[in-house]
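Below is one structure, written out as structure tokens; the observations come after it.
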Amino acid sequence: MARRTGPTSPEASPAKKRKRPKDVTLLHGHHVVTGPELRATFAEDAAAQKSRFRRRLLHGIVLVLLVGVIAAGAVGAWAIMNGVIKVPTAIASKAPVSLCPTTTFDYVPNETVNLNVFNATSRGGLAGTVAEQFTARGFKVASVDNSETAYAGVAVVVSGVKGQAAAFNVQRNLAGTDYFQDNREDESVDVIITSGYEGLVEPELVDQTPGKLLCPREDLRIADNSKWPIIPTLPAGQ
């Protein structure tokens, strides 16, 4: 007996199945790179390469400049130390600079002056003689001794800042002296008798009007620097 066959069901008919659109970006499960994507990738790589090149170029320029500066500094230092390059210095003013105090002093009483007398000449006993003459005028003489100095003149008067008024008094009694200032902190005054000494001013002729300390060496230095006297040398321990 023949079997009756009916119409075939839709599931059983492959011919009637709908086909899905094919994804052109996939091939055997792998992504296919498209033209736009490929061009974008190359463009990004080119931009990155240009950026890296610029950075390397900048670093190279900085390094070259740094090495150049260091090399130039080393060469310059060598040249200066060996006298190849002369470094200009400030031109010293030719105008003389006075080392003499400019204060105007009153003549102080002789009794207020503490004096030390030194002999820098070849005449023996001169310091003692001069000290006696000062003592007779009321000066307080503390030390009497010999000394050495290359100063050529009448005498040298030396004091600190506090003893400048007393030094002014001494210069009025011993004309032609040259004043020097040292670092002592008391009011004492030193008198160094040198080869040009001839004697004290007569008591009645001593000028007691106000005035300034005298530094004849200043005039000598202005006229001829070679005549600048050597600063007086006191005995050891003074």
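The values are calculated or read from the model by the stated rules, or taken from the named source; none is laboratory data. Not measured: the values here are computed from a predicted model. Positions of Cβ are generated from backbone atoms using ideal geometry, with glycine treated the same way; all protein chains shown enter the neighbour counts. Surface areas here come from the heavy atoms of the whole protein model, side chains and all, with no ligands, DNA or RNA. Shrake-Rupley method; radii C 1.70, N 1.55, O 1.52, S 1.80 Å.
Structure data summary
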{"item": "Residue pairs meeting the criteria (Cβ under 9 Å; at least 6 apart or on separate chains; first on the phi > 0 side of the Ramachandran plot, in region 176-204; second in a loop (DSSP other than H, G, I, E, B))", "result": "176/153; 176/154; 176/196; 176/197; 176/198; 176/214; 199/174"}
{"item": "Every residue from region 58-79 that is open to solvent by 80 Å² or more (accessible area, probe 1.4 Å) and at pLDDT below 80", "result": "75, 78"}
{"item": "Enumeration of residues in region 95-130 that are closer than 15 Å to residue 169 by Cα and hydrophobic (A, V, I, L, M, F, W, C)", "result": "105, 108, 113, 115, 117"}
{"item": "Residue match in region 91-102 (condition: more than 30 Å from residue 177 (Cβ to Cβ) and modelled with pLDDT under 80)", "result": "yes"}
{"item": "Enumeration of residues in region 108-127 that are part of a loop (DSSP other than H, G, I, E, B), open to solvent by less than 70 Å² (accessible area, probe 1.4 Å) and over 15 Å from residue 188 (Cβ atoms)", "result": "120, 121, 125"}
{"item": "Check on residue 105, farther than 24 Å from residue 197 by Cα, open to solvent by less than 60 Å² (accessible area, probe 1.4 Å) and either of a type in the set (Val, Ile, Thr) or modelled with pLDDT of 90 or more (or both)", "result": "yes"}
{"item": "Candidate set: region 143-158, residues that are over 16 Å from residue 114 (Cα atoms) and assigned to a strand (DSSP E or B); chosen: the one nearest to the chain's Cα centre (by Cα)", "result": "148"}
{"item": "Qualifying residue in region 204-216 (condition: small (Gly, Ala, Ser) and closer than 21 Å to residue 104 by Cβ)", "result": "yes"}
{"item": "One residue from 144, 130, 84 being at pLDDT 85 or above and open to solvent by 70 Å² or more (accessible area, probe 1.4 Å)", "result": "144"}
